[in-house]
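Note sheet for the following structure.
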Amino acid sequence: MAAPPPALRRLLLLLLFSLLLLASVAAAAAAPAAEEEEFTEELLLRPLPDRKALAHFHFRSSASPSAAAAGRHHHVFPKAIAQLVQQFHISELELSFTQGRWNYEQWGGYDPMSTNYAKPPGVELWAAFDLPLDEIDATWKNLTHTLSGLFCASINFLESSTAFSAPRWGFKLNEGNLRYGALPREAVCTENLTPWLKLLPCRDKAGIASLLYRPSIYKGYYHSQKLKLTSSQSFGIIIDQTLTVVLQPDTFRGQQLHSTDGQLQPSWSMKDLFNRKLSGKCRVSKSSRVFLEIENDIVDKSGTEASSTNELFVLSTAPDRVLKELNNMDAQSSSLYEYDVSNYNNDKPLDVGITWKLPLIWSCTPAPYHANRFLMGSGNERGSIALSFRSTNLHKQLFGSSNDCSIKAVVFQVVPWYVKVYYHSLQIFIDGNSKAISEVVEKIHVTPSEDKHLPGTLEMLLRLPCSMESATLSLDFDKGFLHIDEYPPDANQGFDIPSALVTFPEFNSSRSYPEGDTLFVSPLLQTFKEDGVVKSYTEVLLVPLTTPDFSMPYNVITFTCTVLALYFGSLLNALRRRIGEEERELKKAAAKRGLIPLLIAKLRGKKVDPPPQGSSPTSLLSTKLLLKVVFVAVVAVSLHYLSNS
Amino acid sequence: MAIRNFWSMAAAAVGFRLVLVLFGGDLHLASRPEVSTPLTSIRRLAEGYWLKQASMSPYSGSMYHGSPLLLLVLGPLTNKRSVGHHDHIYCSLIFVAVDFIAAMLIRATGRRLQIARNRNLKSLELTEAVSNSVNVSAGDIASLIYLWNPWAIVTCVGSCTSPIENLMVVIMIYGACSRLAPLAAFGYVMATHLSLYPAILIVPIILLLGYGPDAPPTKVFRIKSSSASKTDVSDNDKSSSSRDVQQFLWKPVFHFILWMLFWTFYVLLLSSIVLNKVGGLQEMFEKYFFAEVFDFFRSFFLIVFNMNIVFMVLPLAIRLKHRPCFLAFIYTAIVAILKSYPSVGDSALYLGLLGLFANELAEMQFTFFLFFGYIGVSLLSPVMHNLWIWRGTGNANFYFATGLAYTCLQTVLVVESVSSMIKHDRKLRLLVTA
């Protein structure tokens, strides 16, 4: 290629120079923006009483109001989310993908982890909008499609008005600007994790997220991936991305341990859980920390005040700091062993682990009531939904053993329209005795379902007596029929009713830890400290519905039309029949024999009767016939004329 | 020829119902699809009443589709539960009374028809010729059929609201037969308000009020009077009396229309009072009439069905205008065949009315086939439903087949009764000309 002429060369140089200048200006502009956008990464590990281990990843990205408002360029904050917030005027949003069910009895129901991060199976999405009330439904529909594209999931199924509801107080107190939807059958897989990781500045290439080795996190017992977004004028946009997994530590290879009698708890480390060690932090993160949480019961028993080696267990690495929960009541509390990842690197990777010295049994504090939900009845015509509460006597530990008190519980339940709930059939049994509704239900709000349009929503505030051991609520329902093309491909599998949510507003599971660093507050500990009303989700119900014979429509159409034709034809025939005239016609026909019968009769030698009447009727007939022919001809000609003109 | 033990048999029927209601336990009849439809189910009414008590519109959601007046009357009764009985026992007791009243009105209608028939036969001088063959008290038979019809019993015990709809239709026919315009208008307005289909009964009602109860065709009278004038010109009485029969009286029709307007106004007023707190009449029109009735028109199939009801109104009215009561029976039967949510309660009504024409339809064909067909279908249908819904061993085709067979039977019944009624008229004419 020939060299460019000197004039052009000068122009190119000028262009290059101006580009350089622009870049430096942009860098200068980005420098303060980087301070306005923050990213922190944290990991919490916790041994669970049933020989499993919980790992909770917490990533927070935040953009200050000015950075969020600028909108065009972001340093570490994901641009997709910033645009989402701007486009849909979201004030709060929570999206969770969950596989498996949180075991409230074993893993606890009264700590920040279970109240905030135990989610119903499948996808749950709720969002509060900062918009006029009449625009919210349309915005929600657009939002579901956007999220569906962003997270490679079928969240767009929540677009249909049969799939989402607008709870007023049962889920979260709001002024009608909140929408809630759940897809219990959504399968969660790596294809949902990858777009979620894309929102992190280091993805899973460096920092704590590099521990997310797919085979190990997907073989866990519980897997919940959540995105929580809050946006406001005062503090900008904050995204909390969390991943909570319950894993079976892989220490005793080939040897399954399930009985708890006198056995040692499995000793594990990060290497066992994730098949990886942690080698340094994500460079752009402001802080990168790992916590190991041990129940205070254990720590107290171990004698020595919160050290890394004691009679009960040994920590593989000495912690940088030990945080003990402040003002802990009689309920469960815990200590945190903190590690700062910035102190570790490739040569000296961090591998937090715990080795147990003595066999140990402990239990997590449960929620005030174990809530279970199940179906009753058989057949495909009707059934009942029962919600049962089993007391765990937690209130006795917390508030002493007074039996006159009562405990509030809020039930929130969304039922699809094809399960037609009769709300008047609500029955309440306390310790097996039927109670009047007004004795127990303090407040109830029902949005009845509309066929193919709205799901039914039930919000109920119950006041359960403290002395009660168990309570059961039952609601009857009829199963509806779906249109033939509304059935999913595997129709005989049944249909899922999303989990109900039970909230205990009088119980708060928040925990606060002393802050070592006054300048920086750990987002993880901050969420622990925030108001955490105790919640628990019930099971998803599987309702089998009647399936039609899918080849039926053709049969139905043909047979029904046949019967209709039969009805129509035979009734009209019966109506227009003149029996007298028919008899006359028959006689006439008999009289007017054809030529061939006449011949046959002659051949047989029979005498042929002459026609009884004279020729006058036949001539009359012929004139009638002539008139008819003329009439038809006139009609035809006029029609022809009309159609031509 | 009256039935001898009428009262004891009627009492036995009522007693049988009471025994089933009080001691039958919960037979789960209220949730059978043959007995209660989404439009007549008492459980849905209870749900509507509950919603209304919770100061919501009873039509919010798609549970309740009935009239607001039923909520007013039956709603409070659905709340009361007595130990050891099924949930809606008080409603069932009301329905027993309603059935009894309906049966009595059918009997009274039958008497009117009988008197008119005897008068007509006398004027045609055919009393001996016809009475020798059959002459039973049609009213007694009809009311006993209504009382002892297993479907009527099942509907009554299973407490769905169709007995009330049936009662309104019967009131309308009775009122029109005895030319009580206010009563007929009340029945007409209420029946139309409760289920809309009886609206087509306006044709027989106006004919009944104008011409009076069923009579042989006017042609027969004309032939008779002409032959009479040929044979005996001086006999003026008979011809004038026969002319009276044919005259269309505008006065009762006019009264009927006035009363109809009054009752319509009254019903709307009552409904608006009932729905006062929850959106008023607009709610009723939007959610009850327009949503439910016109939602039927959603798909082509339902249009075809509902339109077919209307298609046959005019031809039948032209051919059977001299027998308006019979016309009303045929209309109710056609509605029962073709309505979107049919139930056995509708069939109980037209089978009861069928008894009114026992004399005229005595020569009907296929009665044996129809009788056992009805029995067979009513035995097979629950079996097929059970196989499909509860056991999951049969599929919907079998249940559909029983429904189809049932429709065929009803069609045959309608066609046969129409043609035998026409034959009967022809026989009368032949007898007159002979």
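For this structure, a couple of remarks:
- Subset of the stretch B:45-63 (residues that are within 8 Å of chain A (Cβ to nearest Cβ) and closer than 18 Å to B:Cys160 by Cβ): B:Ala46, B:Glu47, B:Tyr49, B:Trp50, B:Ser62, B:Met63
- Taken over the stretch A:537-587, residues that are of a type in the set (Ser, Thr, Tyr), at pLDDT below 90 and not in a helix (DSSP H, G or I) amount to 3.
- Evaluation of B:Thr393 against the conditions (1) under 26 Å from A:Leu572 (Cα atoms); (2) among the hydroxyl-bearing types (Ser, Thr, Tyr); (3) at pLDDT below 90 shows that the sole unmet condition is (1).
- Evaluation of B:Ser31 against the conditions (1) closer than 29 Å to B:Ile141 by Cα; (2) within 14 Å of chain A (Cβ to nearest Cβ); (3) of a type in the set (Gly, Ala, Ser) shows that the sole unmet condition is (1).
- Wholly enclosed strands (runs of 3 or more DSSP E) of the stretch A:415-531 bearing at least 2 residues within 14 Å of chain B (Cβ to nearest Cβ) and closer than 30 Å to A:Asp549 by Cβ: A:419-430, A:470-479
- Residue pairs meeting the criteria (Cβ under 6 Å; at least 6 apart or on separate chains; first farther than 16 Å from B:Arg107 by Cβ, in the stretch B:170-196; second outside any helix (DSSP H, G or I)): B:His193/B:Ser67; B:Leu194/B:Ser67
- When the stretch A:546-579 is filtered for residues that are in contact with a helix residue (DSSP H, G or I) (Cβ under 7 Å, 6 or more places away or on another chain) and farther than 20 Å from B:Val415 by Cβ, the ones remaining, listed by number, are A:Thr546, A:Thr547, A:Pro548, A:Asp549, A:Phe550, A:Met552, A:Pro553, A:Asn555, A:Val556.
- Scanning the stretch B:191-212 for residues that are crowded, with 23+ Cβ neighbours inside 10 Å and of a type outside the set (S, T, N, Q) gives B:Ala191, B:His193, B:Leu194, B:Tyr197, B:Pro198, B:Leu201, B:Pro204, B:Ile205, B:Leu207, B:Leu208, B:Leu209, B:Gly212.
- Against the test of being surrounded by fewer than 17 Cβ atoms within 10 Å (Cβ to Cβ), within 14 Å of chain B (Cβ to nearest Cβ) and aliphatic (A, V, I, L, M), the options A:Leu575, A:Leu566 yield a single qualifying residue, A:Leu566.
- Yes/no for B:Asn166 being without any contact (Cβ under 8 Å) to a residue 24 or more places away in the chain, of a type outside the set (Val, Ile, Thr) and assigned to a helix (DSSP H, G or I): no
- For first residues located in the stretch B:385-408 and more than 8 Å from chain A (Cβ to nearest Cβ), partners that are polar (S, T, N, Q) and surrounded by 15 or more Cβ atoms within 10 Å (Cβ to Cβ) and lie 6+ apart or on another chain with Cβ distances below 6 Å form the pairs B:Thr402/B:Ser381.
- Test: residue in the stretch B:191-211 that is more than 22 Å from the chain's Cα centre (by Cα), modelled with pLDDT under 85 and part of a helix (DSSP H, G or I): no
- Boolean, A:Ser474 is in the same structural domain as A:Leu394 (by TED's automatic domain parsing), under 28 Å from A:Ser438 (Cα atoms), buried (at least 22 other Cβ atoms within 10 Å of the Cβ) and modelled with pLDDT of 85 or more: no
- The criterion of at least 1 residues that are among the aromatic types (Phe, Trp, Tyr) is met by the following strands (runs of 3 or more DSSP E) wholly inside the stretch A:310-410: A:313-315, A:334-340, A:353-356, A:369-376, A:382-391.
The values are calculated or read from the model by the stated rules, or taken from the named source; none is laboratory data. The structure displayed is predicted, hence computed values, not measured ones. Heads up, the Cβs are rebuilt from the backbone with ideal geometry, glycines too, and the neighbour counts pull from every protein chain shown.
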